[in-house]
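The values are calculated or read from the model by the stated rules, or taken from the named source; none is laboratory data. Everything numeric here is computed off the predicted structure, so don't read it as measured data. Don't worry about glycine lacking a Cβ; one is built from the backbone with ideal geometry, like all the others, and counts go over all protein chains shown. Calculation scope for accessible area: heavy atoms of the full protein, side chains included, ligands and nucleic acids excluded. Shrake-Rupley method; radii C 1.70, N 1.55, O 1.52, S 1.80 Å.
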Amino acid sequence: MAMNAPRGTQDILPGTSEKWQYIEEVLRDLSRRFHYKEIRTPIFEHTELFQRGVGDSTDIVQKEMYTFEDRGGRSITLRPEGTASVVRSFVQNKLHGLANQPTKLFYFGPMFRYERPQQGRYRQFVQFGIEALGSEDPAVDAEVLSFALKSYQDLGLKSLKLVLNSLGDQESREAHRQALVDHFSPHKEELCEDCQLRLEQNPLRILDCKKDKDHPAMGTAPSILEYLNEYSKTYFDKVKHYLDAMDIDYVIDPNLVRGLDYYNHTAFEIMSEAEGFGAITTLSGGGRYNGLVEDIGGPATPGIGFALSIERLLMALEAEGVELPVENQLDCYVVVMGEKAEVEAVKLVDKLRSEGLQVDKDYLHKKVKAQFKAADRLKAKKVIVLGDREIEEGIGNVKDMASGEQKEISLEDISAELKDTKGE
Ligand code: HAM
């Protein structure tokens, strides 16, 4: 029986993997400029971390986690997101004790959610994310928002929309929560089963329900922005002020609630506005989570971050027709004629590789014409022909594939010649 990869996963094959590498390089460079350092955490964690961190009442924890018991009887979960793990590591390794704060971290890695697979929604996907822990300065919120936008702009994307909201602090959220309960309770029986539960556990999540989105009570639901206390309102105003100062456009959406429970104050998503992008237009999301470090057992520490998935980023690049400048050319292909030349060719290829050039040769004993065809297919910039005569004379016949020009060059000087023309 032929074996296929599990539903909702995909293989990244050569031809596409170069794009992934290029995107990673751009995001690493962005992290360097914003002064965020890489953190790598395990792919699996104790299940309890996500129950406490992401929140028991979220869809992620209730329906989407890959949870299993390991051989020691512990409940283990493949991470569905990166923030809880980063915060766990921040607490465990006492990064809050380091002299330089806030602690600014970035990460790449596969995340796992048992969702219904569709375009842009996978069961294994790769997130890039950043987290800034240890400052409650609205300028940090603005920095994270700017970083999120630049992640796309640096790759050439233009049709972007930054959607912003404030969820307020604990006091504001409680006042809003009560208003939501009062508003939706008379309609309880008309809401879906999930929302009936949400009404008790986390009424804010009702606003994010796909089933009930057309219920008339949705449109008239009380907005969080009307319930922000003075501190939360001023905080939000400062974030917007910084964004304005940086000329960053945004749209306020008081109904933006995120799918994870840890957020307060700033919450945001970046959407693609490219035509033909598909049904799911959210490219990335994030926000502030001032209570999470404490929830996970650390000292009260504010935090904010965001994450994007490379899969959706690639979809946006495709929808906007952006070609990434990925180099897919060989510096040189060595064509061999005759048995004697074989050993010299192996030696030459090895030497050129040691000197940093990207070089290949034929391993299928093809005829010379077919070797040239292979060189063409591999987009080799130069072809070196080695035959018995060339070996005797200690030379190689170097052909420039773009101009067709041919030169005989001594084997000693070949690498210098190839390096000379590499940058052309
Ligand atoms: P999230 O909104 O759950 O937030 O995910 C962030 C991004 O990951 C989404 O906007 C989307 O691009 C991508 N994503 C999520 N699920 C899938 C999927 N099934 N397939 C493909 N891409 C997906 C978080 O994960 C938070 N940890 C973000 C954050 C960091 N908040 C603060 N710091």
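Some observations on this one:
- Distance-filtered residues of the range 90-122 - backbone nitrogen under 20 Å, label point 7 angstrom along residue 68 Cα→Cβ: 110-117, 122
- Inter-label distance, nm, simple model (7 Å from Cα along the C-beta direction), residue 376/residue 351: 3.0
- Spacing of the modelled spin labels on residue 38 and residue 182, each 7 Å from Cα toward Cβ, amounts to 5.3 nm.
- Using a Gaussian network model of the chain in which every pair of alpha carbons under 10 angstrom is joined by a spring, one finds that among 30, 197, 155 the greatest mean-square fluctuation is at 197.
- Only Lys, Arg (+1) and Asp, Glu (-1) charged, at Cβ; the chain dipole about Cα centre in debye: 740
- With the simple spin-label model, which puts each label point 7 Å out from Cα in the Cβ direction, the residue 92 to residue 328 separation comes to 4.0 nm.
- In terms of its alpha-carbon gyration tensor, the range 1-141 comes out oblate; a/c meets the 1.5 threshold, while b/c is at least as large as a/b.
- The range 332-422: C-alpha gyration tensor shape, a/c 1.5 cut-off, then a/b vs b/c: rounded
- When the solvent-accessible area of the range 332-422 is split by element, carbon and sulfur atoms take up 51 percent of it, the probe being 1.4 Å.
- 18 Å cut-off, amide nitrogen to a point 7 angstrom out along residue 251 Cα→Cβ, residues in the range 259-292: 267-286
- Placing 379, 150, 367 in order of accessible area, with the largest value first and a 1.4 Å probe, yields 367, 379, 150.
- Residues whose amide H comes within less than 5 Å of that of residue 228, counting only those at least five positions distant or on another chain, are absent (H built at 1.01 Å from N in the peptide plane).
- Positive-end residue, the chain charge dipole about Cα centroid, Cβ charges, pick of 335, 124, 204: 335
- Most to least accessible of 67, 58 (protein chains only, probe 1.4 Å): 67, 58
- For the range 332-422, the solvent-accessible area with a 1.4 angstrom probe is 58 square angstrom per residue.
- In Å², nearest 10: area of residue 238 left accessible to a 1.4 Å probe: 110
- The average projected area of the chain, computed from the convex hull of its Cα atoms over all directions, is 28.2 nm².
- Ordering 10, 97, 62 by Cα displacement along the dipole of the range 1-131 toward the positive end leaves 97 in first place; charges were set at the Cβ atoms of Lys, Arg (+1) and Asp, Glu (-1).
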